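Visitor: Below is a structure I'd like to ask you about.
Bear in mind these aren't lab numbers, they're just calculated from the coordinates by the rules spelled out. The structure displayed is predicted, hence computed values, not measured ones. Here the Cβ positions follow ideal geometry from the backbone for every residue, glycine too, while neighbour counts run over all protein chains shown.
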Amino acid sequence: MIKFLKTMRNKTQEEIIQKIQDLKKKRKAVILAHNYQIPEVQDIADFTGDSLELSKKAHNTEAKVIVFCGVSFMAETASVLSPDKKVIIPDNRAGCTLADMITVDKLKALKSKHPDAVVISYVNTTAEVKAESDICCTSSNSVQVVNSIPKNKEIIFVPDKNLCKFTHDQTGRKLICWQGWCSTPHINISAEDIKKSKQDHPDAKVMVHPECNPEVVNLADEVVSTSGMLRFAKESKADEFIIGTEIGILHSLKKANPEKKFYPANDKAICPTMKLITLKKVHRALKDLIYVVKVEESIREKAKKAIDRMLAL
Ligand code: SF4
């Protein structure tokens with residue numbers, strides 16, 4: 001009976017995958033999936049990567065429709081960079097708790113206290129917040145972005161306090177850190193998780209995301225973005241790795257390095273909104289062209305300036 005049910009499930013999945021492929025051709029669409037998406041969605045995608053890599057893909061593609069399998073700020077960034085394309089997100093409830101922790105009004109209030117400060121916003125922000133910022137950064141280039149600001153300038157850094165601290169530690173620059181954080185999954189990874197994983201796998205290298213707590217960051221061999229993890233795993237001579245970020249990345253890591261072993265520091269490090277997108281929803285998105293993400297032009301132009309300044313570095 002179990003075997004029969006499994007066969008039926010595989011058959012249904014194959015049918016959906018075929019329908020997605022057919023619709024993708026018909027719509028001249030491209031499917032982009034973040035490294036935290038469920039494995040089936042990563043596997044159907046034309047490109048997987050971190051938010052910035054995917055936005056660059058969105059910008060350079062010839063496709064007319066972009067199905068963005070990630071969270072809303074990522075789809076917004078794709079829309080900011082590619083206003084002539086139709087950007088759709090398969091589930092419009094896929095938000096980011098970290099991005100929600102800073103609003104335009106809160107940022108304006110902080111700016112009024114530091115009128116000469118340069119505002120750096122992490123890509124995990126809404127287009128409106130980016131529009132109120134001078135320059136954006138990602139988890140892989142925050143140090144480079146801070147170092148590009150003249151030494152005599154005050155710097156406001158929003159919204160992630162852990163990335164802000166990590167960037168401060170790396171650059172020695174005084175930063176006014178907004179006290180936001182990724183409420184799931186990074187907050188769920190503890191120093192004890194890393195110590196326990198090290199006991200179980202003493203030869204493994206520890207890679208963690210800079211959104212993790214400082215006690216976790218201090219125990220890591222490498223503090224890197226998801227694209228940095230993929231690069232490090234490929235180039236490293238090590239055969240085993242402990243991974244401190246959302247567990248979706250393990251699928252990409254294992255696929256790219258089948259001969260190596262990857263262990264989650266905490267297997268409950270799951271971003272619930274990233275997991276909202278399923279193959280069925282990707283199919284519906286392509287069939288009905290929902291949900292469209294479009295940034296209002298006056299905000300888009302300003303947000304694009306902040307992103308372009310980062311890309312120019
Ligand atoms: Fe936002 Fe954290 Fe989910 Fe990333 S993992 S989308 S920062 S809530």
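Visitor: Check each of the GluC sites (Glu not before Pro) in the range 281-313 and keep only those in coil by DSSP with at most 12 other C-beta atoms within 10 angstrom; list them in order.
Guide: Those that pass, being in a loop and sparsely packed, are 296.
Visitor: Å³ per residue of the Cα convex hull, for the chain?
Guide: Here the figure is 139 Å³ per residue.
Visitor: Using a simple spin-label model with points 7 Å from Cα along the Cα→Cβ vector, what separation in nm is obtained for residue 308 and residue 179?
Guide: 3.7 nm
Visitor: Let me ask another. Once the dipole of the chain is set up with Lys and Arg at +1 and Asp and Glu at -1 on Cβ about the Cα centre, which of 244, 219, 124 lies farthest towards its positive end?
Guide: Farthest along the dipole direction, towards plus: 124.
Visitor: Beta carbons within 10 angstrom, averaged per residue: use that to sort the peptides 12-21, 285-294, highest first.
Guide: Ranked by mean Cβ neighbours within 10 Å, highest first: 285-294, 12-21.
Visitor: Sticking with this structure for a sec: Using helices alone, I'd like the mean residue ellipticity at 222 nm for the chain: each DSSP H run of four-plus residues gives -39500 (n - 2.57), total over residue count, nearest 500.
Guide: It lands at -13500 deg cm²/dmol.
Visitor: Starting from the range 166-264, pick out the trypsin sites (Lys or Arg not before Pro) whose DSSP state is loop and whose Cβ has at most 14 other Cβ atoms within 10 Å.
Guide: Hits after loop and neighbour filter: 174, 237.
Visitor: Please enumerate, by chain and number, the lysines with C-alpha under 28 Å from the C-alpha of residue 261, excluding those fewer than 8 residues away in the same chain.
Guide: Partners within reach: 6, 195, 196, 198, 205, 234, 237, 275.
Visitor: A follow-up question, please. Could you give the dipole magnitude of the chain about its Cα centre, charging the beta-carbon of Lys and Arg +1 and that of Asp and Glu -1, in debye to the nearest 20?
Guide: Here the size comes out at about 860 debye.
Visitor: In the structure displayed, which of 57/294; 113/165; 56/268 lie more than 19 Å apart, Cα to Cα?
Guide: 113/165; 56/268
Visitor: Also: Run through the range 26-127 and list the trypsin sites (Lys or Arg not before Pro) located in a DSSP loop whose Cβ has at most 16 other Cβ atoms within 10 Å.
Guide: Of the trypsin sites (Lys or Arg not before Pro), the ones in loops of the range 26-127 whose Cβ has at most 16 other Cβ atoms within 10 Å are 28, 64, 93.
Visitor: Does a label point 7 Å from the Cα of residue 154, set along Cα-to-beta-carbon, have any residues of the range 110-134 with amide nitrogen under 12 Å, and which are they?
Guide: So the set is 110-119.
Visitor: Once each part is reduced to its C-alpha centroid, what is the distance from the range 207-261 to the range 130-204 in angstrom?
Guide: Distance between centres, Cα-based: 16 Å.
Visitor: Out of all DSSP beta bridges with both ends in the chain, state the antiparallel percent to the nearest 5.
Guide: 5 percent
Visitor: Another question, then. Find the cysteines in the chain that fail to meet the 4.7 Å Cβ criterion with every other cysteine, and list them.
Guide: 69, 96, 136, 137, 182, 212, 271
Visitor: Order 243-253, 162-172 from most to least packed using the mean count of other Cβ atoms within 10 Å.
Guide: Result, highest mean Cβ count within 10 Å first: 243-253, 162-172.
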